[in-house]
Amino acid sequence: MDETHHLPEAVGKPRLLEQVRARIRVKHYSLRTEQAYVEWIRRFILFHGKEHPMEMGKAEVEVYLLFLASERQISASTQNQTKAALLFLYREVLG
């Protein structure tokens with residue numbers, strides 16, 4: 001009996017954050033950068049109610065960055081890192 005028919009269809013494609021990790025490693029980013037980018041992308045997704053980033057765009061990124069700057073009052077360097085993580089997601093992973 002073939003056991004592969006019991007596996008969910010999503011098994012063949014890595015989850016989004018795993019795709020991010022894989023792309024970061026291909027580009028030879030540091031482990032610390034990988035950890036930071038994955039965490040900021042994860043927070044972005046959670047902030048928007050777990051909506052997939054393919055369903056979001058510039059407006060959602062701007063809302064999130066504005067929230068971090070005004071409500072969380074994160075530093076400028078952290079804002080830049082968050083923006084870089086989201087740009088990486090959209091440019092390098094989602095195309």
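The values are calculated or read from the model by the stated rules, or taken from the named source; none is laboratory data. No experiment lies behind these values; they were computed from the predicted model shown. All Cβ positions, glycine included, derive from the backbone under ideal geometry; neighbour counts span all protein chains shown. These area figures cover heavy atoms from the full protein model, side chains too; ligands, DNA and RNA do not enter into them. Shrake-Rupley method; radii C 1.70, N 1.55, O 1.52, S 1.80 Å.
Trypsin sites (Lys or Arg not before Pro), restricted to segment 34-95: which are DSSP loop and have at most 13 other Cβ atoms within 10 Å?
Working: sites: Arg42, Arg43, Lys50, Lys58, Arg72, Lys83, Arg91; in loops: Lys50, Arg72.
Taking segment 34-95 and a limit of 13 other Cβ atoms within 10 Å, the loop trypsin sites (Lys or Arg not before Pro) found are Lys50, Arg72.
Looking at (i) 27, 20, 10; (ii) 29, 20, 9; (iii) 29, 16, 11, which value of semi-axes √(5λ) of the Cα gyration tensor in Å comes from a calculation on the structure shown?
The listed entry that was calculated here is (iii).
Calculated from DSSP H runs of 4 or more alone, at -39500 (n - 2.57) each and per residue, what is the 222 nm mean residue ellipticity of the chain, nearest 500?
Numbers: 4 runs with 54 residues, N = 95.
Per the formula, -18000 deg cm²/dmol.
If I fit a long axis through the Cα atoms of helix 31-47 and take the longest principal axis of the Cα atoms of the chain, what angle between them do I get, 0 to 90°, rounded to 10?
Tilt of helix 31-47: around 90 degrees.
Roll a 1.4 angstrom probe over the protein heavy atoms and tell me the percent of accessible area of the chain that is carbon or sulfur. Spell out each step's value before the answer.
Values: 3520 of 6870 Å².
C and S fraction of accessible area: 51 percent.
Tell me the per residue accessible area of the chain using a 1.4 Å probe; a whole number in Å² is fine. Can you show the working numbers first?
Details: 6870 Å² over 95 residues.
Accessible area per residue: 72 Å².
Would you mind checking the tilt of helix 58-70 against the longest principal axis of the Cα atoms of the chain, expressed as 0 to 90 degrees and rounded to 10?
In the chain, helix 58-70 runs at an angle near 50 degrees to the longest axis.
Quick one: helix 16-26 against the long Cα principal axis of the chain, what's the angle to the nearest 10°, folded into 0 to 90?
Long axis of 16-26 versus the principal axis of the chain: about 80 degrees.
How much solvent-accessible surface does Phe47 expose, in Å² to the nearest 10, with a 1.4 Å probe and all protein chains in place?
Using a 1.4 Å probe on the heavy atoms, I get roughly 80 Å².
Could you tell me which GluC sites (Glu not before Pro) in segment 61-95 are loop residues by DSSP with no more than 14 other beta carbons within 10 angstrom of their beta carbon?
Glu71
With point charges of +1 on the Cβ of Lys and Arg and -1 on the Cβ of Asp and Glu, referenced to the Cα centre of the chain, which listed residue (Thr33, Leu89, Met56) lies farthest in the positive direction of the dipole?
Farthest along the dipole direction, towards plus: Thr33.
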